Amino acid sequence: MKIRGAVLEETGGRLEVGELELAPPRAGEVLVRLHASGVCHSDQNAIDGTAPARCPTVLGHEGSGVVEEIGPGVTRVRVGDHVALSWAPSCGTCPECLRELPQLCSTAWPALADGTLLDGTTRLSRNGEPVWHYSFISSFADACVLPERSCIPIPDDVPFAIAGLVGCAVTTGVGAVWRTARARPGDRVAVFGCGGVGLSAVLGAAAAGAAPIVAVDTEQRKLDLAGELGATDAVRWEASAEATAQAVADVSGGGVDYAIEATGRTEAMRAAFLSTRAHGAAVLIGIPAADAVLELPPLSIPRLERRVLGSLYGSSRPERDFPLTLDLYRRGRLPLDRLVTHTLPLEDVVRGFELMRSGEAIRVVLELAA
Ligand SMILES: [Zn+2]
Ligand SMILES: [Zn+2]
């Protein structure tokens, strides 16, 4: 079928919306009519080369929609199901899946890096030439074909924009608090970087009963929003990592149990580590450049049992965590709609990235179907 999609021709290039060919789903695959897609910093990382993708590619990995067709053997979803899309279709049988680490599935990751589906091929093409998938999803388009394990059924009354965000930013942020850190009521939490992922971590910390919750950012506007979403204290980024960490320690009564880092900047990672108290942990979510080096003073690691925890996709299990997160949203316990500051049509995708880079938007959502 013919679709419209936003194609990145080459790393460092510009996104252009054009017509492509989408082949039908094969065994274990699903065709989804896309309704919404968030615009995420990982897409920006693919554009500017911080985390290069195989090109040409249709970007977008924070999507939701309705199942339109299923390939042979598909049992998880039916035609007409509303679905939120996961970019981590774990296989269930590799060593990482068997160790209960589906987010690190060693079957899915090589295919994701190659820009293919799980069988090593692509369903996207243009004038007979292959176009590659991005993170299995390629949601800057009218429709996509993806693994059935990427399709998580959701209630029909959940807005597609919210379901899309749960597919990446929200799960990454709330999962870092709930699953990676396993924060409990009364734990002290700081969140470095109050964009879509960081504010999701604030929401997750508030829902978990953490207190205080210290928001850290360079922009007062984002700190104000963090306060509306449950942060108890705000720290404006200071001149250095040390000074910022000291400010967090001062307002938190001597340091936090979990410092969630959502910017990918090594200075913010250092500040997160230094803002923890004894046995505290810096939880690193943000994606740095591949050659970045993080310098930490190591004495407090044995002496105070300070820790550094990596968190990918919120250490989550989408089949369990997407429905649970959306249930909390429907009950009014997670105001995820506050994250959506702009909605745009697919044609305005370039403007969506401008709004994100300028810091004007928390989350831009593309509306893909009427
Ligand atoms: Zn993302
Ligand atoms: Zn696996």
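The values are calculated or read from the model by the stated rules, or taken from the named source; none is laboratory data. The structure displayed is predicted, hence computed values, not measured ones. Here the Cβ is made from the backbone with ideal geometry for all residues, glycine too, and neighbour counts use every protein chain on show. These accessible areas exclude ligands, DNA and RNA; they are computed on the full protein's heavy atoms, side chains included. Shrake-Rupley method; radii C 1.70, N 1.55, O 1.52, S 1.80 Å.
The table below lists the values:
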{"quantity": "Residues within segment 222-234 that are without any contact (Cβ under 8 Å) to a residue 40 or more places away in the chain and either more than 15 Å from Val174 (Cα to Cα) or among the hydrophobic types (A, V, I, L, M, F, W, C) (or both), tallied", "calculated": "7"}
{"quantity": "Cross-chain or 6+ apart pairs with Cβ under 9 Å, segment 317-341 first and modelled with pLDDT under 95, then open to solvent by less than 80 Å² (accessible area, probe 1.4 Å) and acidic (Asp, Glu)", "calculated": "Arg333/Asp327"}
{"quantity": "Filtered residues of segment 142-158 (kept if away from ligand 1 (no atom under 16 Å from the Cβ) and either touching a Ser or Thr at 6+ places or on another chain (Cβ under 9 Å) or more than 24 Å from Arg333 (Cα to Cα) (or both))", "calculated": "Asp142, Ala143, Val145, Pro147, Glu148, Arg149, Cys151, Ile154, Val158"}
{"quantity": "Every residue from segment 117-129 that is crowded, with 16+ Cβ neighbours inside 10 Å and more than 16 Å from ligand 2 (Cβ to nearest atom)", "calculated": "Thr122, Arg123, Leu124"}
{"quantity": "Number of positions in segment 42-63 that are among the hydroxyl-bearing types (Ser, Thr, Tyr), modelled with pLDDT of 95 or more and within 10 Å of ligand 1 (Cβ to nearest atom)", "calculated": "0"}
{"quantity": "Qualifying residue in segment 91-104 (condition: away from ligand 2 (no atom under 16 Å from the Cβ), at pLDDT 95 or above and in a loop (DSSP other than H, G, I, E, B))", "calculated": "no"}
{"quantity": "Verdict on Val340 being buried (at least 17 other Cβ atoms within 10 Å of the Cβ) and out of contact with any Cys (no Cβ under 7 Å at 6 or more places or on another chain)", "calculated": "yes"}
{"quantity": "Candidates Glu360, Glu347, Glu305, Glu354, filtered to the one that is part of a helix (DSSP H, G or I), surrounded by fewer than 15 Cβ atoms within 10 Å (Cβ to Cβ) and touching a strand residue (DSSP E or B) at 6+ places or on another chain (Cβ under 9 Å)", "calculated": "Glu347"}
{"quantity": "Within segment 90-114, considering residues that are within 16 Å of ligand 1 (Cβ to nearest atom) and buried (at least 21 other Cβ atoms within 10 Å of the Cβ), the one nearest to Phe136 (Cα to Cα)", "calculated": "Leu112"}
{"quantity": "Any hit, segment 154-174, residues being open to solvent by 10 Å² or more (accessible area, probe 1.4 Å) and without any contact (Cβ under 8 Å) to a residue 40 or more places away in the chain", "calculated": "no"}
{"quantity": "Per-region count, segment 100-123, residues in contact with a helix residue (DSSP H, G or I) (Cβ under 6 Å, 6 or more places away or on another chain) and aromatic (Phe, Trp, Tyr)", "calculated": "0"}
{"quantity": "Condition met for Cys94 (free of Cβ contacts under 8 Å to residues at least 40 places away in the same chain and touching a Pro at 6+ places or on another chain (Cβ under 9 Å))", "calculated": "no"}
{"quantity": "Residue match in segment 216-233 (condition: more than 21 Å from the chain's Cα centre (by Cα) and among the hydrophobic types (A, V, I, L, M, F, W, C))", "calculated": "no"}
{"quantity": "Conditions (1) modelled with pLDDT of 95 or more; (2) open to solvent by 40 Å² or more (accessible area, probe 1.4 Å); (3) not β-branched (Val, Ile, Thr): number failed by Trp87", "calculated": "(2)"}
